[in-house]
Amino acid sequence: QVQLVESGGGSVQAGGSLRLSCVASGVIFRFSAMGWYRQAPGKQRELVATVTSGGTSGGSIDYADSVKDRFTISRDNAKNTVYLQMSSLKPEDTAVYYCNAKISVPVSLRGRDYWGQGTQVTVSS
């Protein structure tokens with residue numbers, strides 16, 4: 001069973017920083033992509049940042065425009081872990097942040113998306 005466990009959320013003052021971590025269980029699993037989404041109260045879930053595996057090319061990274069130059073996503077494939085370093089946080093960043101992973105191996109599960117339970121990030125003025 002794939003399990004994604006997020007940590008690092010909390011309450012911070014505007015301008016502060018937080019680092020989110022997401023660990024995917026099971027060394028048998030390989031992921032074609034891992035990333036972060038968020039959902040604020042009364043709003044739909046939105047993409048924050050993703051890291052896509054690209055083999056020898058090194059993959060690719062994508063950020064939402066609202067977080068560019070403030071957030072940094074990184075991935076440790078050996079640990080099946082993805083991080084989100086958040087700096088210069090704003091009140092509008094307040095949301096539940098969800099880790100996402102897309103299965104590559106085993107092939108029987110390829111393409112399947114898995115989600116963590118979310119971690120709350122609250123940014124006060």
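The values are calculated or read from the model by the stated rules, or taken from the named source; none is laboratory data. Small disclaimer: the values here were computed from a predicted structure and weren't measured. No Cβ is skipped: glycine too gets one built from the backbone with ideal geometry, and neighbour counts run over all protein chains shown. With ligands, DNA and RNA removed, areas are computed over all heavy atoms of the protein, side chains included. Shrake-Rupley method; radii C 1.70, N 1.55, O 1.52, S 1.80 Å.
Return the residues of the stretch 77-105 that are surrounded by 12 or more Cβ atoms within 10 Å (Cβ to Cβ) and of a type in the set (Asp, Glu); say none if nothing qualifies.
ASP93 - this is the single residue of the stretch 77-105 that is surrounded by 12 or more Cβ atoms within 10 Å (Cβ to Cβ) and of a type in the set (Asp, Glu).
Of the residues SER108, SER125, which is in contact with a helix residue (DSSP H, G or I) (Cβ under 6 Å, 6 or more places away or on another chain) and either open to solvent by less than 30 Å² (accessible area, probe 1.4 Å) or over 16 Å from GLU46 (Cα atoms) (or both)?
Only one candidate passes the filter, namely SER125.
Residue-by-condition table, conditions (1) of a type in the set (A, V, I, L, M, F, W, C); (2) assigned to a loop (DSSP other than H, G, I, E, B); (3) modelled with pLDDT of 95 or more:
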{"residue": "GLY26", "(1), (2), (3)": "no, yes, no"}
{"residue": "SER66", "(1), (2), (3)": "no, yes, yes"}
{"residue": "LEU84", "(1), (2), (3)": "yes, no, yes"}
{"residue": "TYR98", "(1), (2), (3)": "no, no, yes"}
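Could you look through the stretch 1-17, keep only residues that are modelled with pLDDT of 95 or more and open to solvent by less than 30 Å² (accessible area, probe 1.4 Å), and pick out the one that is nearest to THR119 (Cα to Cα)?
Step by step, filter the stretch 1-17, then rank; the result is GLU6.
Can you tell me which of (1) open to solvent by 40 Å² or more (accessible area, probe 1.4 Å); (2) of a type in the set (Ser, Thr, Tyr); (3) at pLDDT below 95 is the one SER32 doesn't meet?
Among (1) open to solvent by 40 Å² or more (accessible area, probe 1.4 Å); (2) of a type in the set (Ser, Thr, Tyr); (3) at pLDDT below 95, the lone unmet condition for SER32 is (1).
Can you tell me which of (1) in a loop (DSSP other than H, G, I, E, B); (2) of a type outside the set (Phe, Trp, Tyr); (3) open to solvent by 50 Å² or more (accessible area, probe 1.4 Å); (4) touching a Gly at 6+ places or on another chain (Cβ under 8 Å) is the one LYS43 doesn't meet?
Going through the list (1) in a loop (DSSP other than H, G, I, E, B); (2) of a type outside the set (Phe, Trp, Tyr); (3) open to solvent by 50 Å² or more (accessible area, probe 1.4 Å); (4) touching a Gly at 6+ places or on another chain (Cβ under 8 Å), LYS43 breaks only (4).
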